[in-house]
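The values are calculated or read from the model by the stated rules, or taken from the named source; none is laboratory data. Just so you know, these numbers come straight off a predicted model, no measurement behind them. Note that each Cβ is placed from the backbone with ideal geometry, even for glycine, and that neighbours are counted across all protein chains shown.
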Ligand SMILES: Nc1ncnc2c1ncn2[C@@H]1O[C@H](COP(=O)(O)OP(=O)(O)OP(=O)(O)O)[C@@H](O)[C@H]1O
Ligand SMILES: [Mg+2]
């Protein structure tokens, strides 16, 4: 196991600057998830850690050693990809043992490591099968087994679950997490699925356009996103954003929206009187309100999911999603009053998108 440090790392593909001064500190044994929209540079960064892409600037350290000029096989890392190409003509046993054979490990040592990995991953009964005789989830487990047998200092995962169906993804997510709790190997996991990030990570790194927007624990990012981008990326359904103007008067702060609507400003929010702002509220932090409280809105759509009810309405011209644990049978066109919790609402500067903290 080893800590990983990424210091001022840059990458150009020709004239395109795809990684732009990235700094990330990953502690020994930590499970870190890199998230961000397609094309933001997640795979490129992971491949630089693995040694599959040259580093165009800055330094990467694994276990305190600069690895910039080390070959992939000298870095003591194992990578699991989205397209886990198993060797089709080899049994599960030989797929697992292959890298150990290449590394000229003794047969006894290879057998022992293969049995241990197979045991951890529930593959013992499948060792003599060929990949074509396995389900998608079983194949993915073999791909992970190939990484485990090498007992590396660091695991790198690049969207390992994206080829699996929804149910299997959830199951494998739990398996990978359990595996990490058991082995405690430093892991860096790339995904663009923020639910995967929230549920698996000790630490999340949110990237956009080759830079790091925010780093923190899942709940830090959920509670205190540094800007509108992170606020909209973390959480599902996504946070609602209402453009408005902040009004401060003696002892009171409100945000005024279009159509003469207004709400109390989020508690502890900063910002100056007259500033153009974006008011953010998560769907799960909105309550129904009595007459005289909250804002009046017209129901567009009601979606009962069984576990909860999602209600889509329009406030000041913006579509707003709210989620209720209770069942509600509102009709489209009906007027209801909604009240976002001011203690859990967020405020951002309209121009820069930055959080306005008190
Ligand atoms: N070999 C290459 N040559 C030129 N440009 C590349 C190359 N590989 C990646 N890029 C560009 O670098 C940027 C980052 O790509 P990367 O694959 O790291 O994104 P990603 O965050 O992993 O996206 P996704 O979620 O779609 O996998 C993209 O704009 C991509 O087009
Ligand atoms: Mg990628």
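Brief remarks follow.
Here is a yes/no grid of residues against (1) modelled with pLDDT under 95; (2) within 17 Å of residue 353 (Cα to Cα); (3) not in a strand (DSSP E or B):
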position	(1), (2), (3)
255	no, yes, no
267	yes, no, yes
280	no, yes, no
284	no, no, yes
293	yes, no, yes
297	yes, no, no
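- Criterion: more than 34 Å from the chain's Cα centre (by Cα) and surrounded by 16 or more Cβ atoms within 10 Å (Cβ to Cβ) - qualifying residue of 97, 117, 110: 110
Okay, residues lined up against (1) within 13 Å of ligand 2 (Cβ to nearest atom); (2) over 23 Å from the mean Cα position of the chain (by Cα):
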position: 2; (1), (2): no, no
position: 7; (1), (2): no, no
position: 11; (1), (2): no, no
position: 29; (1), (2): no, no
position: 41; (1), (2): yes, no
position: 48; (1), (2): yes, no
position: 55; (1), (2): no, yes
position: 60; (1), (2): no, no
position: 63; (1), (2): no, yes
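- Hey, residue 243 away from ligand 1 (no atom under 16 Å from the Cβ), crowded, with 18+ Cβ neighbours inside 10 Å and within 30 Å of residue 303 (Cβ to Cβ) or not: no
- Exactly one residue among 280, 294, 306 is under 24 Å from residue 192 (Cα atoms) and either touching a strand residue (DSSP E or B) at 6+ places or on another chain (Cβ under 7 Å) or loosely packed, with under 14 Cβ neighbours inside 10 Å (or both), and that residue is 280.
- The strands (runs of 3 or more DSSP E) falling completely within region 1-106 that include 3 or more residues that are away from ligand 1 (no atom under 16 Å from the Cβ) map to 4-13, 16-26, 57-62.
- Checked against (1) surrounded by fewer than 21 Cβ atoms within 10 Å (Cβ to Cβ); (2) assigned to a loop (DSSP other than H, G, I, E, B); (3) out of contact with any strand residue (DSSP E or B) (no Cβ under 6 Å at 6 or more places or on another chain), residue 222 passes all but a single condition, namely (2).
- Boolean, residue 215 is touching a strand residue (DSSP E or B) at 6+ places or on another chain (Cβ under 6 Å), more than 13 Å from ligand 1 (Cβ to nearest atom), under 24 Å from residue 232 (Cβ atoms) and touching a residue at least 60 places away in the same chain (Cβ under 8 Å): yes
- Residue list for region 286-308, filter: without any contact (Cβ under 8 Å) to a residue 40 or more places away in the chain, at positive phi and over 29 Å from the mean Cα position of the chain (by Cα): 292
- Of residues in region 192-212 being outside any helix (DSSP H, G or I) and modelled with pLDDT under 95, the one nearest to ligand 1 (Cβ to nearest atom): 192
- Extreme residue, farthest from residue 5 (Cα to Cα), among residues of region 153-187 that are within 16 Å of ligand 2 (Cβ to nearest atom) and part of a loop (DSSP other than H, G, I, E, B): 163
- Residue 100 within 18 Å of residue 13 (Cα to Cα) and either touching a helix residue (DSSP H, G or I) at 6+ places or on another chain (Cβ under 6 Å) or in the same structural domain as residue 137 (by TED's automatic domain parsing) (or both): no
- Residue satisfying all of: in region 309-329; part of a loop (DSSP other than H, G, I, E, B) and surrounded by fewer than 17 Cβ atoms within 10 Å (Cβ to Cβ); nearest to the chain's Cα centre (by Cα) among these: 325
- Residue match in region 168-189 (condition: surrounded by fewer than 22 Cβ atoms within 10 Å (Cβ to Cβ), within 16 Å of ligand 1 (Cβ to nearest atom), at pLDDT below 95 and on the phi < 0 side of the Ramachandran plot): yes
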